[in-house]
Each structure stands twice: as structure tokens, then as C-alpha cells.
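Readers should treat all values here as calculations from the given coordinates under stated rules, not as data from a laboratory. None of the values given here were measured: they were computed from a predicted structure. Please note: Cβ atoms are built from the backbone with ideal geometry, for glycine as well, and neighbour counts cover all protein chains shown.
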Amino acid sequence: MSISKDLKVIYELLYKAFGPRNWWPADSPFEVAIGAILTQNTNWKNVEKAIANLKKANILSPEELHKIDIKNLAEHIKPAGYFNIKAKRIKNFMNWLFENYDGSLDQMFSEGLSSLRENLLSVNGIGAETADSILLYAGEMPTFVIDSYTCRILSRHEMLPDEGSYDDVKSLFEDNLPEDTQLYNDFHAQLVHLGNQFCKPKRKCEECPLNVLL
DNA sequence: TGCCAGGCCGGGT
DNA sequence: ACCCGGCATGGC
């Protein structure tokens with residue numbers, strides 16, 4: 001079976017098992033972007049607490065996060081872990097947003113995908129997964145998000161490319177699926193759900209909906 | 001109780 | 001071009 005066929009089958013199996021995932025859980029594109037930085041190597045439950053702190057303090061906006069003192073910001077996002085480095089990364093993102101797009105996400109997303117992705121990657125603290133998460137889930141742009149779950153699931157089903165770099169795995173999906181923002185959105189969300197609920201490290205999964213493929 | 005979580009950077013080889 | 005240590009809280 002071709003990899004293209006496999007990917008479609010995998011998505012359909014996941015969708016049937018879990019239903020639509022309705023990602024990203026956030027009230028605004030800006031919240032998505034900040035959440036994408038906060039969730040770096042961090043449990044989403046912890047990120048929710050940090051986001052709640054920012055909302056409660058009324059500082060979850062480009063203007064407020066642009067002017068807030070970095071130590072103060074770090075205090076608010078403590079529950080997300082790595083709070084000092086993440087405060088720095090959020091400030092880097094805000095400085096870049098105001099220098100290049102007048103502090104406006106709408107203006108930022110009016111730029112073309114490949115150019116914007118490259119520029120996002122130039123921000124210290126925004127790597128490939130964070131950039132793609134912002135582009136896909138905040139900007140609704142067709143770029144596939146790869147994360148550790150994606151690689152673990154592919155690996156367990158012996159579908160991980162030998163060249164396993166981020167861009168190689170990303171191309172595996174993008175080259176073998178229709179360029180469809182909604183599909184990219186829900187597919188990645190399904191993979192995260194599978195990784196969270198079933199496909200755990202050092203444990204074989206009896207109930208994995210993908211086992212029919214083995 | 002230890003292991004893990006929706007990564008990324010910087011320095012060393 | 002890889003490899004590794006550092007970053008840190010909270011849930012299960």
C-alpha cells in the first residue's frame with residue numbers, strides 16, 4: 001500500500017475512533033500563538049494554568065505583553081515550566097511582531113506562508129513546531145505540524161522515514177495528502193490525542209485504533 | 001515515586 | 001552535520 005493511502009486510512013481510523021478534535025483550544029488566534037510557545041515540551045494542563053493567569057491579569061494581548069516587564073511575565077507563566085526562558089521567548093516574539101507587523105496578527109498573517117514561516121523561525125525561541133502551530137492553528141494556513149507524538153506513532157507503525165528530520169516528516173504528510181488546512185488541523189490534533197491517550201512511551205497499546213494496520 | 005509533557009537553543013565534537 | 005545538557009512545573 002502506498003504511503004499516501006496509508007495516511008488517509010490512518011486519519012479516517014482516528015477520526016472514526018475519536019471524532020473531530022476541534023483544535024486549537026483557545027479563544028483567539030493570539031492565545032493560540034502564546035499557547036504554542038508555552039506548551040514547548042510541557043503538559044497542556046500546565047499551559048492552561050499559565051494562560052488563565054494571563055487572562056486574569058488582563059495581559060493576554062500583544063500590547064500588554066509587549067510592554068510588560070520580563071520578570072513580571074515570568075511570574076505569571078510559572079505553572080507552564082521553563083518560565084524564565086519562555087518569558088524571554090514571548091518577549092522576543094512581541095518585539096518582532098511590533099517591529100515588523102505593527103503588533104498586529106492580522107497584518108502578520110497577510111504575508112505569504114513560506115515567507116512568514118521563514119521569518120517566524122528567525123525569532124529566537126520559535127522553532128519549526130511552534131512556527132507551524134502558529135501558522136496552522138492561529139493563521140489557518142496549510143502547513144503540517146510535526147511533534148514528538150507524530151514521530152513516535154509513525155515509528156511504532158514503522159512508517160517513520162529514514163531521514164527523520166522535522167522537514168522530512170513534514171514533507172511525508174504534505175506530499176501525500178491534499179493541501180487542506182482543515183485536514184492538517186484535525187489530523188495533527190488526532191495524532192496528539194492518540195499520543196496522549198494511547199500511544200505512550202515504553203508501553204505497547206492494545207487499544208490503539210491503528211492496530212488494524214499491523 | 002519517578003517519569004513524562006503538544007521544544008528549542010547553544011556549545012562541543 | 002549531529003549530540004547533549006539545560007531549562008522547571010505539575011499530573012498521574
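Of note:
- Remark on A:Gly103: its backbone amide H falls under 5 Å from those of A:Phe98, a criterion applied only to residues 5 or more positions apart or on other chains, H modelled at 1.01 Å from N.
- Across q = 0.16, 0.22 Å⁻¹, region A:29-138 modelled as identical point scatterers on its alpha-carbon atoms has Debye log10 I(q)/I(0) values of -0.64, -1.26, in the order of the q list.
- For chain A, the 222 nm mean residue ellipticity estimated from helices alone, with every DSSP H stretch of n ≥ 4 adding -39500 (n - 2.57) and the total spread over all residues, rounds to -17500 deg cm²/dmol.
- Counting every other Cβ atom within 10 Å of each residue's Cβ, A:Val192, A:Val212 order from fewest to most as A:Val212, A:Val192.
- Kyte-Doolittle at least -0.5, axis length at least 20 Å by Cα - qualifying DSSP helices, chain A: A:3-18
- Using only alpha-carbon positions in chain A, the gyration tensor eigenvalues give semi-axes of 32, 19, 14 Å once each is multiplied by 5 and square-rooted (largest first).
- The share of C-alpha pairs in region A:117-214 whose separation exceeds 17 Å stands at 53 percent.
- Charge tally in the Cβ shell below 9 Å around A:Cys199, where Lys, Arg are +1 and Asp, Glu are -1, A:Cys199 excluded: +4
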